[in-house]
């Protein structure tokens, strides 16, 4: 039996993915500072080319600031179907190397190549082969980190950017980790880093040497344990291929804050329609509907409602989400962002009939009994989906949305709106 290679984990990360695709597809953009995102006053940079980064422009930056930093900035609206198509081509290249692939997003993935070294060479050689194929077949750059654990590989792909490869042997990991800033650890978010630094923990070595009970008091029990393990080069997490999505959601940041209750309901309807369609496209259904509201002050609240059986019907999602919105009693509060998500997902070929009136039904399900479980809405969804699939922008939709101007399909999740359930995001 061949021993497992000591550094079998790769993290492959496409460089400035959305912007790179745009520059590849449009030769006039090559060599120019390009960002992908919405050009309006509330627009946020979804991706920035390396030419734009020279001016200090980066993803998640407000577009207004990006334009001030770089007056010659080229702003391109997102083409997310195109990015998904290119992402599938990238993943196909990775699958030629190993079936052990764990995608993190459209543009990055972990690989475990321990079973591939006899065919393709050691992990750094495999990483270079991947970079070569992506460059020659897709005309795109990517960076690869190679290490003994997922956290080290992720760290190294960042250090290899742009368009490079970095590799640490297992016997040098501890020494190389110690002088790094704590923000380099995979899993240390901005708020956690800020808190750690305020208590004097500035380097990975200081975390590795920290008194664990004290560290737990600073960042919490679970986070303290995790960060110290990572600081000591310990990460038992394995590459998990085909990990299912935990939730499906849609969000919208408004050009101008909204305070009209009727307009907010229309926006919830619009988001719920998008989420319902995505659920059905994915062949899944969910039990928990979550509403996310971000106010002009950037205060964010979320409310959820869980059903006794999963659904993928747009009308069910709309009814629950609007009920959650009404329950907030906003009273003309100014809203910057709305989001609707469905979680507790399960396999299925459509919505399940909800059982109402039993002992286990929640009060909310009882109130919604006239709507939830009505199979007529399922037939309407099927018709609307088939029209959208066949004719693209010609959609069957709710009358309340007829005057709505469709914005580009999710011009990338805004950075401050990502990770709905991540308290450190």
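Here are some notes:
- Rule-of-thumb Rg ratio for the stretch 61-108 [Cα; 2.2 N^0.38 Å; N residues]: 1.68
- For the stretch 127-265: rounded, prolate or oblate by the Cα gyration tensor [a/c cutoff 1.5]: oblate
- Modelled label reach - residue 135, point 7 Å along Cα→Cβ, the stretch 1-30 residues with backbone N closer than 15 Å: 13-15
- Listed peptides 265-273, 219-227 by packing density, highest first (mean Cβ within 10 Å): 265-273, 219-227
- For the stretch 292-332, the pair-distance distribution built from all alpha carbon pairs, in bins 5 Å wide starting at 0, is 5, 18, 28, 21, 14, 9, 4, 0 percent.
- For the stretch 1-168, the direction-averaged projected area of the alpha-carbon convex hull comes to 9.7 nm².
- log₁₀ of I(q)/I(0) at q = 0.20, 0.24 Å⁻¹ - the stretch 220-308, Debye sum with one point per alpha carbon: -1.02, -1.21
- Within the stretch 317-337: backbone nitrogen closer than 20 Å to the residue 295 label point (7 Å, Cα to C-beta): 322-337
- Cβ-derived FRET efficiency at R0 30 Å, residue 174 paired with residue 39, nearest 0.05: 0.05
- Cα→Cβ-extended label distance, 7 Å offset, between residue 303 and residue 85, nm: 4.1 nm
- Three-way shape call for the stretch 178-231 based on the alpha-carbon gyration tensor, with the a/c threshold at 1.5: rounded
- Alpha-carbon centroid distance for the pair the stretch 189-263 / the stretch 17-60, whole angstrom: 27 Å
All of the numbers you see were taken from the coordinates with simple rules; none came from a lab. Just so we're clear, the structure is a prediction, and the values are computed from it rather than from any experiment. Because the Cβ atoms are built from the backbone with ideal geometry, glycine has one as well, and the counts that use them run over all protein chains shown.
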